[in-house]
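So the structure is just underneath, and the comments pick up after that.
The values are calculated or read from the model by the stated rules, or taken from the named source; none is laboratory data. Here the structure is a predicted model, which is why all the values come from computation and not from measurement. Neighbour counts run over all protein chains shown; Cβ positions are idealised from the backbone, glycine included.
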Amino acid sequence: MPETPEAAGETVFTWGAPPLKFGTGAADEIGHDVARLGLRRVLVLTDPRVAATGLAARIGESLAASGVDHALYDRVHCEPTDVSLRAAVSAAAELGGDRAWDGFVAVGGGSVIDTAKAVNLLITSGGDVMDYVNVPVGQGRPPVHPPRPLVAVPTTAGTGSESTPVCVLDILGLRVKTGISHPSLRPVLAVVDPLVTLSLPPEVTASAGMDIVCHALESYTARPYTAHARHAAAARVAYNGSNPISDVWAERSLGLLGRSFRRAVRSGADLAARTDMMLAATFAGMGFGNAGVHIPHACGYAIAALVREYRPAGYAADEALVPHGQSVSLTAPASFRFTFATSPERHLRAASLLGAGGPTAAGDGADIDRLPGVLVSLMRDIDIPRGVGAVGYGEGDVSDLVEVALVQQRLLQVAPGPVTGDHLAAIFRDSLANW
């Protein structure tokens with residue numbers, strides 16, 4: 001077989017996703033599913049809001065009925081930090097005592113599932129959070145030992161974390177939002193039940209839904225896998241770039257969003273719309289969890305990390321917080337105007353799919369403004385804050401935002417073209433004003 005020069009372009013992509021159980025009532029079968037995996041002692045992780053609904057208790061009853069011993073950690077922090085993850089790891093070790101956990105069950109939104117990924121990693125491989133955080137913020141080390149099985153039960157339609165090998169967190173001392181990524185962090189099973197989302201307030205539905213939108217759009221417009229330098233077999237990364245399989249899931253997600261996003265926000269009891277949103281989140285996760293995300297997420301990490309006073313409606317936040325779905329969406333219109341020239345046909349196709357359910361389906365103005373126009377119309381309809389300025393930033397903050405966004409090289413390398421500090425500054429400035 002002829003050798004392939006290391007300097008040649010990439011010819012290989014990888015794609016992975018967990019087995020999926022989807023549908024109304026799926027969460028009530030969790031005990032059977034966990035026992036079938038051979039797990040006999042698991043830690044259930046959730047947050048106070050989900051615990052208060054009684055869902056985690058129902059999960060526990062299902063586990064017990066199937067002979068699975070379990071304990072509950074219900075103090076997961078909204079938007080995980082290095083501090084909250086260390087606390088969760090300590091609690092998991094204390095709850096476990098002298099016996100190791102066979103596996104983990106995450107019941108909640110992205111914060112819960114990401115926390116469970118980190119707890120799993122650190123319980124099984126040891127060390128500190130910063131050992132595994134992506135470079136250049138952390139050491140970017142791979143797991144020392146394979147993580148144990150993690151079953152994810154998402155309760156919001158947004159992050160797609162049930163499908164992905166990524167954990168996102170804030171490093172408080174550095175005021176940086178970053179992540180840990182490794183293929184082994186992907187859950188072994190995603191149990192997706194639209195019924196658990198019916199009680200979500202409209203503000204949370206809107207924010208989480210915009211995360212889906214950005215996941216689908218960013219993976220669909222990402223730099224193609226063939227445009228990357230060739231990786232050695234042992235050095236393949238979780239984010240490959242856009243590829244034929246991820247593209248299919250991104251398109252399917254955008255079509256579902258165009259049909260049902262506005263309905264899910266306006267009428268939370270609309271089970272058909274909620275079902276579409278859960279499917280869209282999972283499909284987008286299957287896309288971006290392999291292709292990657294780029295500029296809106298890099299900018300969103302900066303917006304979330306540097307927040308000073310903003311308190312979002314619909315969230316029980318006792319501290320300043322820009323929810324993840326809001327933060328990544330605020331620069332999305334400007335970002336996709338910037339990337340349009342790299343693949344006009346993809347941007348127009350995405351605008352057509354996403355705009356199918358809204359008043360801008362036909363689009364207005366120049367082609368470069370089609371997708372930004374569809375996004376702005378959608379964000380107005382679901383009451384997303386109108387620009388970066390609406391969450392407390394001004395012209396004087398642009399240089400700081402750019403500095404933090406530039407740290408996200410893992411994401412910016414997935415962008416369809418080169419991204420400099422000047423480019424990011426222009427995107428932030430274009431996103432400051434009310435739309």
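Structure notes:
- Condition check for Ala222: under 19 Å from the mean Cα position of the chain (by Cα) and not assigned by TED's automatic domain parsing to the domain that holds Asp33: yes
- Failed criterion for Gly363 (all others in (1) at pLDDT 95 or above; (2) not in a helix (DSSP H, G or I) hold): (1)
- Members of segment 161-183 found to be under 13 Å from Thr81 (Cβ atoms) and not aliphatic (A, V, I, L, M), listed by number: Cys167, Asp170, Gly173, Arg175, Lys177, Thr178, Gly179
- Matching option when the condition is touching a helix residue (DSSP H, G or I) at 6+ places or on another chain (Cβ under 9 Å), crowded, with 23+ Cβ neighbours inside 10 Å and within 22 Å of Gly23 (Cβ to Cβ), among Thr115, Thr164: Thr164
- Inclusion of Val307 among residues that are closer than 20 Å to Leu371 by Cα, in contact (Cβ under 8 Å) with a residue 12 or more places away in the chain and assigned to a loop (DSSP other than H, G, I, E, B) is not warranted.
- Annotation: Asp131 fulfils all but one of (1) out of contact with any Ser or Thr (no Cβ under 7 Å at 6 or more places or on another chain); (2) part of a strand (DSSP E or B); (3) of a type in the set (Asp, Glu); the unmet one is (2).
- Of all residues in segment 115-148 being closer than 25 Å to Val404 by Cβ and among the β-branched types (Val, Ile, Thr), the one that is modelled with the lowest pLDDT: Val135
- Scope segment 206-236; condition surrounded by fewer than 24 Cβ atoms within 10 Å (Cβ to Cβ), aliphatic (A, V, I, L, M) and either without any contact (Cβ under 8 Å) to a residue 24 or more places away in the chain or not in a loop (DSSP other than H, G, I, E, B) (or both); matching residues: Ala227, Ala229, Ala233, Ala234, Ala235
- Entry remark, segment 159-193: residues being outside any strand (DSSP E or B) and either of a type in the set (A, V, I, L, M, F, W, C) or on the phi > 0 side of the Ramachandran plot (or both) number 6 in total.
- Some residue of segment 139-157 being in contact with a strand residue (DSSP E or B) (Cβ under 8 Å, 6 or more places away or on another chain) and surrounded by fewer than 23 Cβ atoms within 10 Å (Cβ to Cβ): yes
- Matching residues, segment 394-432, being loosely packed, with under 15 Cβ neighbours inside 10 Å and in contact with a Lys or Arg (Cβ under 8 Å, 6 or more places away or on another chain): Glu395, Gly417
- For Glu403: the one exception among (1) under 23 Å from the mean Cα position of the chain (by Cα); (2) within 26 Å of Thr205 (Cα to Cα): (2)
- Listed by position, the strands (runs of 3 or more DSSP E) enclosed by segment 1-103 that each have at least 3 residues that are under 30 Å from Ser219 (Cα atoms) and within 24 Å of the chain's Cα centre (by Cα) are 20-22.
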